[in-house]
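Structure record follows, encoded as structure tokens.
The values are calculated or read from the model by the stated rules, or taken from the named source; none is laboratory data. Everything numeric here is computed off the predicted structure, so don't read it as measured data. Note that we place each Cβ from the backbone using ideal geometry, even for glycine, and neighbour counts take in every protein chain shown.
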């Protein structure tokens with residue numbers, strides 16, 4: 001198993017438990033406050049990770065610009081996600097929002113030149129169908 005796949009599995013479980021705990025948090029407080037606390041905690045953990053690494057942190061204007069844009073649209077998604085959790089079913093909100101990868105895949109193909117083959121297309125179609133069925 002590749003290292004990238006192992007980290008993808010770790011992300012899968014991390015985000016899965018994050019959604020579960022986010023749902024619990026929205027049962028006891030406003031979703032906006034739960035989101036701020038969650039993201040602050042995550043930023044603190046990431047900061048500790050970065051401080052313990054032995055690599056140099058380098059910045060570029062383009063990289064910072066894209067990171068800021070990514071943070072802004074991620075914030076929109078997070079607000080929508082937490083409000084969705086507070087008003088609906090965890091199984092529906094998490095499965096529908098999990099389709100974000102289809103947007104990323106299409107953008108990667110159109111703008112970044114990512115390659116795609118018929119198996120990839122069929123996989124995306126099946127993933128969308130699975131999410132639609134899970135959200136019922």
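Do we have residue 131 as at pLDDT 90 or above, at negative phi, surrounded by 11 or more Cβ atoms within 10 Å (Cβ to Cβ) and within 16 Å of the chain's Cα centre (by Cα) here?
Working: at pLDDT 90 or above: no; at negative phi: yes; surrounded by 11 or more Cβ atoms within 10 Å (Cβ to Cβ): yes; within 16 Å of the chain's Cα centre (by Cα): yes.
So residue 131 does not fit the description; no.
Condition test on residue 22, is it within 18 Å of residue 104 (Cα to Cα) and either in contact with a helix residue (DSSP H, G or I) (Cβ under 9 Å, 6 or more places away or on another chain) or in a helix (DSSP H, G or I) (or both)?
On the way: within 18 Å of residue 104 (Cα to Cα): no; either in contact with a helix residue (DSSP H, G or I) (Cβ under 9 Å, 6 or more places away or on another chain) or in a helix (DSSP H, G or I) (or both): yes.
No: the conditions fail for residue 22.
Table: residues versus (1) at pLDDT below 90; (2) more than 22 Å from residue 98 (Cα to Cα); (3) surrounded by fewer than 10 Cβ atoms within 10 Å (Cβ to Cβ); (4) not assigned by TED's automatic domain parsing to the domain that holds residue 135.
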{"position": "15", "(1), (2), (3), (4)": "yes, no, no, yes"}
{"position": "19", "(1), (2), (3), (4)": "yes, no, no, yes"}
{"position": "38", "(1), (2), (3), (4)": "no, no, no, yes"}
{"position": "47", "(1), (2), (3), (4)": "no, yes, no, yes"}
{"position": "57", "(1), (2), (3), (4)": "yes, yes, yes, yes"}
{"position": "61", "(1), (2), (3), (4)": "no, yes, yes, yes"}
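Go through segment 54-136 and tell me which helices (runs of 4 or more DSSP H), entirely inside it, have 2 or more residues that are without any contact (Cβ under 8 Å) to a residue 12 or more places away in the chain.
Values: elements: 61-87, 90-97, 100-112, 118-134.
Output list reads 61-87, 100-112, 118-134.
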